[in-house]
1. Quick one: which residues, 5 or more positions from ILE54 or on another chain, have an amide H under 5 Å from its amide H? H modelled 1.01 Å from N in the peptide plane, none for Pro or chain starts.
2. Neighbour counts of other C-beta atoms within 10 Å: give me GLU126, GLU148 arranged from fewest to most.
3. For the stretch 134-141, just list the computed ³J(HN,Hα) in residue order, Karplus coefficients 6.51, -1.76 and 1.60, θ = phi - 60°, integers in Hz, with x standing in for Gly and Pro.
4. Sort 240-253, 151-164 for me by packing, meaning the mean count of neighbouring Cβ atoms within 10 Å per residue, highest on top.
5. Using the alpha-carbon centroid of each, what span in Å lies between the stretch 37-52 and the stretch 149-173?
6. Go through 201-211, 130-140 and give me the packing order, highest mean Cβ count within 10 Å leading.
7. Near the amide H of GLY226, under 5 Å away, which other amide H atoms are found, from residues 5 or more places off or on another chain, if H is placed in the peptide plane?
Amino acid sequence: MDQAEQLRIIKANQQVRPLARVITVTSGKGGVGKSNTSINLAIQFRKLGKRVIILDADFGLANIEIMFGAVPKHNLYDLIYQGKNIKDIITWGPMEVGFISGGSGIAGMANLSRDYLNYIIKNLVELDALADIIIIDTGAGISDAVLEFLVASGEILLVTTPEPTSITDSYSLLKALYRHPRFKQADTKVKMLANRVERESEGQVLFNKLNSVVMRYLKIPMTYLGCVPQDAQLTKAVMQQMPVSLQNPNAKSSQAYEKIALRLLDKEEVERQPKRGMAAFFSHMVSRL
């Protein structure tokens, strides 16, 4: 797609719509609680009065819809190939948190014509009018698809656990991002969340350990958002397909997610994080075409 044309599309839509804040949640490996983080932060943002939509960009697994206990009628594939509009493919879950299933739609974007890409971007821009915050839940690991989302993101939330493999894989993910030809460090903020820790001090130690290696070899500054403790109530909520932040607001994990959401919405944090909106996000993803 011609870069000048992308900029014209974005500028035209920004003049009439506010821009949503796009937060991309990722992890170096599967099974560390990435999708749980996306869902519970979305619920906490809703409790704080924000409109939220989650884009489930994990093509292989339907974690978001399973955890929400809702089956979407349509996904991004239907927007691209079946003529559906953006409102058709949003499924509304608990507390009116919207989510969009990526399906196999995003994976095929690299093969689309310029007209198709223009159509998709114009539709995705509509999300900026429907949400204050858009959470993109990526697949786990270091696939090309995951890296494309991270390169396009201005705000990355990296979920890591104390397991040695999780720490190693988190570093490997950041190294792959650092080496990506289109990665711009100045335009990207990486924030780490320590998940499944036994105590708060363990989360800080985990961050210090990963951050010291990342700063030494990659020179990518990270911010520590906080930690979520091991919590049997969270496991119980997952089994019942309910976000723990709704099922048990007093649970240790619910309170931890609330603190992290509040930190993300702190005035100074918001001012440091410029909003891009979905048009700029997806235009960045397809700018290599």
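Every number here is computed from the coordinates shown, using simple stated rules; none is lab data. Source: prediction; values computed, not measured. Using ideal geometry, Cβ is built from the backbone for each residue, glycine included, and neighbour counts are taken over all protein chains shown.
1. Close amide H contacts, sequence-distant or interchain: GLY98, PHE99, ILE100, ILE135.
2. The order, fewest Cβ neighbours first, is GLU126, GLU148.
3. My calculation for the stretch 134-141 gives 10, 9, 9, 9, 7, x, 8, x Hz in order.
4. Peptide ranking by packing, descending: 151-164, 240-253.
5. That distance is 21 Å.
6. Answer by packing, highest mean first, reads 130-140, 201-211.
7. Long-range HN contacts for GLY226: ALA194.
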